[in-house]
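The values are calculated or read from the model by the stated rules, or taken from the named source; none is laboratory data. Not measured: the values here are computed from a predicted model. Here Cβ is always computed from backbone atoms with ideal geometry, including for glycine, and neighbour counts include all displayed protein chains. Note: areas computed on protein heavy atoms with side chains; ligands, DNA, RNA excluded. Shrake-Rupley method; radii C 1.70, N 1.55, O 1.52, S 1.80 Å.
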Amino acid sequence: MTVNRACRTCGTMQEFRRFNPAERAAVLAEKGHGHFVDDYWRCTAVGCRWYQRYLNRGEDGLLPEELRIQAAPVE
């Protein structure tokens, strides 16, 4: 499931999806293991690392570089 949200990094409306386990673990490592991460969504645009809560853009940030969205390989 995806939703359209304004992405601060991209500067446009983008599709966002819920965190996968690696993204959840990265934010927990940064913010502490007691932090609630089940309502975070991340931008799915190529090259983006932006994440935010579903309804609260004030709780947001950038995922680590290794979780940057990569372009699909050209065949």
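Numbers at a glance
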read-out: GluC sites (Glu not before Pro) lying in DSSP loop within the stretch 1-62, provided at most 16 other Cβ fall within 10 Å; value: Glu59
read-out: Nearest-10 value in Å² for the accessible area of Val74, using the 1.4 Å probe; value: 140
read-out: Karplus 3J(HN,Hα) series, Hz, for the stretch 42-54 with 6.51 cos²θ - 1.76 cosθ + 1.60 (x for Gly, Pro); value: 10, 5, 9, 5, 4, x, 8, 10, 5, 9, 7, 5, 4
read-out: Exposed-loop-free span, longest in the chain, where chymotrypsin sites (Phe, Trp or Tyr not before Pro) count as exposed if DSSP calls them loop and at most 14 other C-beta atoms lie within 10 Å; value: 1-35
read-out: Inter-site label distance for Arg53 and Leu28 at 7 Å from Cα along Cβ, in nm; value: 1.9
read-out: The chain, accessible surface, carbon-and-sulfur percent (1.4 angstrom probe); value: 54
